[in-house]
Amino acid sequence: MNKEEYKLYIDDVIRRVEFARMRFDEKHIVKIVAISKYSTADEIKALYEIGQRAFGENKVQDLRAKSSELEELPLEWHFVGNLQKNKINNLLDINPALFQGLDSLELALELQKKLEAREITLDALLQINSAKEESKHGVMPEDAIAIYNQIKAECPNIRLKGVMSIGAHTDDKAVIKNSFETTYNIYKQLEGATICSMGMSGDFELAIECGSNMVRLGSIMFNK
C-alpha cells in the first residue's frame, strides 16, 4: 500500500470514528491513540507522516526502544500495559504523556513513592475491570469511585485524568455495551475527570457511542 492509498485507508477509519462520535453527540471529541505494539518504527513513521501523533505501547522495554528510535519526531507516547512494580523506574525514565493502566491502589501508592523521590508527576488513568473478567486487570466497578478519590487524596504526584477499560471479551454486543456503559457512568461521577478511554479495533464504534473520548486502535491503524 503506497502513501496515498494508506492515507485513504486511514481517512476511512477516521470517518468511522466521526460517524460514531456524531451518534453520541455532535460536540463530542474523540482522540485516537495508535497502539504500535506489533509495528515497527518505520510503520509508526508512515502513520505519523499522514497526521497521527499519539502512539501507545504495552511493554516498557518496547516503549523505551521505539520512543528512543523516533525521538526526533514530536510523538505523544502512552503506556497502555500492565505495569509491574519492578518496572516503575524504567517507565518514569521514559516519562510517557499518559499511563493508561493504573490498575490498583497498591500500584498507585508504590508509584507515588517513586514519583515523590524524583519530584515529578505522572498523568494516569484508573483502569476499571468493568466486565469483571478474571483475565483482565483493573479495579472492580463498585470500588472505582472510592479508589479514584483515595488516589487523588493520597498520591499527589499522580495526576488522575479519568478512566480506562477494555470491553467485555465476548461476541455478545449487549454485554460489551453494558461494560462500556458501566465505565462511562463511573467516569461521569468523577470530579475533574476528562478522559474516558474505551474501545479498540474491534469495538471502538460501540465504545464511542457509549461515551468514550479516547480509543486505542492497533491493527486497524496499521492495516494488519
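Just so you know, all these numbers are worked out from the coordinates, no wet-lab data involved. Given the structure is predicted, the values throughout are model-derived calculations rather than measurements. Reconstructed Cβ throughout: ideal geometry from the backbone, glycine too, with neighbour counts over all protein chains shown.
Backbone phi angles across the range 135-142, fed through the Karplus curve with coefficients 6.51, -1.76 and 1.60 (θ = phi - 60°), yield HN-Hα couplings of 6, 10, 8, x, 7, 6, x, 5 Hz in residue order; Gly and Pro are listed as x. Each peptide among 195-207, 109-121, 70-82 gets the average number of other Cβ atoms lying within 10 Å of its residues, and from highest to lowest they stand as 195-207, 70-82, 109-121. The label point for Lys85 and the one for Lys27, both projected 7 Å from the Cα toward the Cβ, are 4.5 nm apart.
Between amide H atoms placed 1.01 Å from N, distances below 5 Å from Arg159 occur with Leu122, Asp123, Ala124, all of them 5 or more places distant or on a separate chain. Mind grabbing the base-10 log of I(q)/I(0) for the range 1-159 at q = 0.18 Å⁻¹? Debye formula, identical points on the C-alpha positions, no solvent, two decimal places. Log10 I(q)/I(0), no solvent term: -1.17. Legend: residue pairs Lys66/Lys188; Lys45/Lys113; Lys113/Lys136, Cα-Cα distance threshold 28 Å; pairs beyond threshold, Lys66/Lys188; Lys45/Lys113. Dividing the summed -39500 (n - 2.57) terms of all DSSP H runs of n ≥ 4 by the residue count of the chain sets its mean residue ellipticity at 222 nm at -13500 deg cm²/dmol.
Around the amide H of Ile195, modelled in the peptide plane, lie the amide H atoms of Gly162, Val163, all under 5 Å away and 5 or more residues distant in sequence or on another chain.
Here the Karplus relation 6.51 cos²θ - 1.76 cosθ + 1.60, evaluated at θ = phi - 60°, turns the backbone of the range 99-114 into coupling constants of 9, 8, x, 6, 10, 6, 5, 4, 5, 4, 5, 5, 4, 4, 4, 5 Hz, with x for every Gly and Pro. Each residue of the range 41-52 was assigned a 3J(HN,Hα) from its phi angle through the Karplus curve 6.51 cos²θ - 1.76 cosθ + 1.60 (θ = phi - 60°); the sequence is 4, 5, 5, 5, 4, 5, 6, 4, 5, 10, x, 7 Hz, with glycine and proline shown as x. A Förster radius of 25 Å, combined with the Cβ-Cβ distance separating Asp42 from Glu154, puts the computed FRET efficiency at roughly 0.05.
Database remark: amide H of Gly101 closer than 5 angstrom to the amide H of Leu125 (H placed geometrically; neighbours at sequence offset of 5 or more, or on other chains; Pro and chain starts carry no H).
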